[in-house]
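Structure, as structure tokens:
The values are calculated or read from the model by the stated rules, or taken from the named source; none is laboratory data. Since the model is a prediction, treat every value here as computed from it, not as a measurement. Cβ atoms come from the backbone with ideal geometry, glycine included; neighbour counts cover every protein chain shown. Just the protein is used for accessible areas: all its heavy atoms, side chains included, with ligands, DNA and RNA removed. Shrake-Rupley method; radii C 1.70, N 1.55, O 1.52, S 1.80 Å.
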Amino acid sequence: MKFALVTGGSRGIGRAICLKMADMSYNVLINYKSNEAEANNSRLLVEEKGVTAEIIQFDVSDKDEVKSVLGNWMEANPEKVIEVLVNNAGIREDALMMWMKDEQWDSVINTSLGGFFYVTRLVVSSMLMKKYGRIINIVSLSGLKGLPGQTNYSAAKAGVIGATKALAQEIGRKGITVNAVAPGFIKTDMTEGLNEKELQALIPLKRFGLPEEVAHAVGFLASAEAAYITAEVISVNGGLYS
Ligand code: NDP
């Protein structure tokens, strides 16, 4: 059974990616941190598409939890092969750097960059054995351009971009591609407090993007047809930055 693992699949962009994976006939392993109700809603929506869905709770920033929960799932389900890994879980904790607290720095770095490392190193070993895999990391415009108030988030996402390029070179010969998708402003819980009217004036396409528009790029990179694309970052930002 071929599975796609989507971290942070309970809401927003992650949920749209889960549904895209289901459209591509993947069974979906939906990770979440605490919102079990929304994780179950994602599961139901994925199941409506006629594939299997399972929810799995772990905090991607907690290396012991990742190892025990995801590691145990992989060990207990040897017939279920994770062919696609989407590292999507992320948080933002904005503050000007001079006011930024240790906790704000650590939590954002540990979730995006730490989470990428802890989850990917577990999953990649089985991809290496199968000589096939697709790893897609959800980064951000902030990690390419840098945004004020987001030194933590920009650093975390830029770190993941560097890791994407390095890992792609390590495992390319094993048939595994590693790419990143960098969204701009996308309508989700994460952007709810932002002044959309003001910000959309800066965007050439004059609107925020939809989670499904990010998921579509992820689906392309996850497809067999994208076999010759690796170490790449695709922006989905309405032309805001290129
Ligand atoms: P949301 O805030 O809507 O959803 C975040 C998701 O991540 C939830 O499913 C949440 O789980 C999960 N999550 C958060 N922390 C952890 C953790 N430690 N372990 C496991 N899961 C976790 O975010 P978006 O959908 O907007 O963002 C998804 C990704 O896209 C993030 O990496 C974000 O940085 C990136 N991005 C988003 C942009 C946007 O404009 N929205 C722009 C650029 C990048 P739970 O439901 O359990 O809390």
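Give, as residue ranges, the strands (runs of 3 or more DSSP E) completely inside segment 1-76 that count at least 1 residues that are basic (Lys, Arg), away from the ligand (no atom under 13 Å from the Cβ) and touching a Ser or Thr at 6+ places or on another chain (Cβ under 9 Å).
Per the criteria, 2-6.
Pick from segment 1-19 the residues that are touching a helix residue (DSSP H, G or I) at 6+ places or on another chain (Cβ under 6 Å) and open to solvent by 50 Å² or more (accessible area, probe 1.4 Å): which of them is nearest to Ala180 (Cα to Cα)?
Arg15
Let me spell it out: the conditions are (1) surrounded by 16 or more Cβ atoms within 10 Å (Cβ to Cβ); (2) free of Cβ contacts under 8 Å to residues at least 40 places away in the same chain, and Ser112 meets all of them except one. Which number is the exception?
(2)
Would you check if Glu79 is touching a residue at least 40 places away in the same chain (Cβ under 8 Å), farther than 29 Å from Gly159 by Cβ and open to solvent by 70 Å² or more (accessible area, probe 1.4 Å)?
Here the answer is yes, as Glu79 does meet what is asked.
Checking Ile55 against (1) surrounded by fewer than 23 Cβ atoms within 10 Å (Cβ to Cβ); (2) closer than 12 Å to Leu5 by Cβ; (3) under 15 Å from the mean Cα position of the chain (by Cα): exactly one of these is not met. Which one?
(3)
Which one is nearest to the chain's Cα centre (by Cα) among residues in segment 20-34 that are in contact (Cβ under 8 Å) with a residue 24 or more places away in the chain and surrounded by fewer than 24 Cβ atoms within 10 Å (Cβ to Cβ)?
Step by step, filter segment 20-34, then rank; the result is Lys33.
Which numbered condition trips up Asn40, out of (1) polar (S, T, N, Q); (2) open to solvent by less than 50 Å² (accessible area, probe 1.4 Å); (3) in contact (Cβ under 8 Å) with a residue 24 or more places away in the chain?
Looking at each condition in turn, Asn40 falls short on (3).
Scan segment 53-105 for residues that are among the small types (Gly, Ala, Ser) and farther than 16 Å from Ser34 by Cα and report the count.
So the count comes out to 5.
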